[in-house]
1. When segment 221-240 is examined, which residues are found to be assigned to a helix (DSSP H, G or I) and either surrounded by fewer than 22 Cβ atoms within 10 Å (Cβ to Cβ) or within 16 Å of the ligand (Cβ to nearest atom) (or both)?
2. Hey, among 19, 43, which residue is under 23 Å from residue 267 (Cβ atoms) and not in a loop (DSSP other than H, G, I, E, B)?
3. Among the candidates 219, 210, 223, 200, which residue alone is modelled with pLDDT under 95 and of a type in the set (Gly, Ala, Ser)?
4. On the given criteria, is residue 47 of a type in the set (A, V, I, L, M, F, W, C), within 16 Å of the ligand (Cβ to nearest atom) and out of contact with any Cys (no Cβ under 9 Å at 6 or more places or on another chain)?
5. Scan segment 74-103 and report the pairs whose first residue is at positive phi and whose second residue is near the ligand (Cβ under 9 Å from one of its atoms), with Cβ atoms within less than 9 Å and a gap of 6+ or a chain change.
6. Looking only at segment 127-175, count every residue that is among the aromatic types (Phe, Trp, Tyr) and over 21 Å from the mean Cα position of the chain (by Cα) and tell me the total.
7. Looking at segment 56-161, what helices (runs of 4 or more DSSP H) fall wholly within it and have at least 2 residues that are surrounded by 21 or more Cβ atoms within 10 Å (Cβ to Cβ) and within 12 Å of the ligand (Cβ to nearest atom)?
8. Given the options 218, 300, name the one that is within 18 Å of residue 158 (Cβ to Cβ) and open to solvent by 50 Å² or more (accessible area, probe 1.4 Å).
Amino acid sequence: MTRLQLPGFPWDSLAEHTARAKAHPDGIVDLSVGTPVDPVPEAVRDALASVSDIPGYPTTHGTAELREAAVEALSRRHGVTGVDPDAVLPTIGSKELVAWLPMLLGAGAGDVVVIPELAYPTYEVGALIAGATPRRADSLTALGPETPAMVWLNSPSNPTGRVLGVDHLRKVVDWARERGVTVVSDECYLALGWDADPVSILHPDVCGGSHEGLLAVHSLSKSANLAGYRAGFVTGDPALVADLLAVRKHAGMIVPRPVQEAMRVALADDALLDRQRELYLSRRELLREAFTGAGFRIDHSEAGLYLWATRDEPTDDTVAWLAERGILVAPGTFYGPGGGSHVRVALTATDERVATAAKRLSE
Ligand SMILES: Cc1ncc(COP(=O)(O)O)c(C=O)c1O
């Protein structure tokens, strides 16, 4: 057996800065991992409990009601049309899907998986798990004549908050279809547009109404505070989703039945999403002002859950400077070599902690 060679787990390397930030007399403001801090909505908790006494196995495909709720939410919230509920597949959060997708789709040695220049680290890990080769590229021209097996898109981006416009997305889809390349769009921040309106790869303006060769990955972690429940889904090309379902049935990759019910209720409730958006928007305004006031420049960040901030110095110096003030952020290098002079600031702290960070930055 060959031992799988994966990069180190990035967060483990942050221990020293974490200890420094925790030593602040008024406590740490943790803006590093983008983990939700607001309560799980009561209706969602009730939904979870309402089916907690079903002893049998849930289905891998999820309940028909959950799949229907996903179709309706995509249509209402994002203008996505033409999704057959059969082409929706619940996932145990989206991270596991990101990590296993190249392998589940049959990518392997000799295949290239394109990931963004600055990217959520799990895209690279997923390619490596499959034995494929990850290639960082933000443009089709950067790829040259190479034909990859699949291309990851992530708009709004983690970490930069960049949004890919309809024209950009359409070009990628047309290019991929000409070559038989699968395009997978990680849309876990799609509902968090601030200065730009993020668009799904499955929107008719992008894909021309056909989902062939396309997958969209969605998560309820950030939009409904369900990171702890592990709740996501993938949808798009019915044939690709059927392939995924077939393998995942065999492999036991099943979302627990109570979580399926919680997802159904969360997907049907737009007021809940609107409330969460308001919270993140006000934290974003406060942090943006505070970081800018402290001499930072914010790049991109027009959507999503992060500010991509820089003082045009090595990222480690910035992380250390902030840690001295009790503020923990993620170094840009976690996301790729191009992140060497940026830090990623998550909007996921309570109002009280965000106000504390702003105060410290103004001193
Ligand atoms: C771009 C991106 N994709 C996927 C995930 C995974 O989210 P989850 O597994 O909670 O659905 C994250 C989490 O931060 C992310 O930033």
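1. Quick first cut of segment 221-240, residues assigned to a helix (DSSP H, G or I) only: 238-240.
Result: 238, 239.
2. Of the residues listed, the single one that is under 23 Å from residue 267 (Cβ atoms) and not in a loop (DSSP other than H, G, I, E, B) is 43.
3. Values: 219 fails: modelled with pLDDT under 95; 210 fails: modelled with pLDDT under 95; 200 fails: modelled with pLDDT under 95.
Residue meeting the stated conditions: 223.
4. Details: of a type in the set (A, V, I, L, M, F, W, C): yes; within 16 Å of the ligand (Cβ to nearest atom): no; out of contact with any Cys (no Cβ under 9 Å at 6 or more places or on another chain): yes.
In short, no.
5. From segment 74-103, the pairs are 93/219; 93/220; 93/221; 93/226; 93/227; 93/230; 93/231; 93/232.
6. As a first pass, look at segment 127-175 and keep what is among the aromatic types (Phe, Trp, Tyr): 152, 175.
Those left that are additionally over 21 Å from the mean Cα position of the chain (by Cα): 175.
Residues meeting the conditions: 1.
7. Working: elements: 64-78, 95-104, 122-129.
Counting at least 2 such residues, we get 95-104, 122-129.
8. Numbers: 218 fails: open to solvent by 50 Å² or more (accessible area, probe 1.4 Å).
Answer to the check: 300.
The values are calculated or read from the model by the stated rules, or taken from the named source; none is laboratory data. Model, not experiment: these values are computed from the prediction. With ideal geometry, Cβ positions are generated from the backbone for all residues, glycine too; neighbour counts draw on all protein chains shown. Heads up: the accessible areas ignore ligands, DNA and RNA and are worked out on the full protein's heavy atoms, side chains in. Shrake-Rupley method; radii C 1.70, N 1.55, O 1.52, S 1.80 Å.
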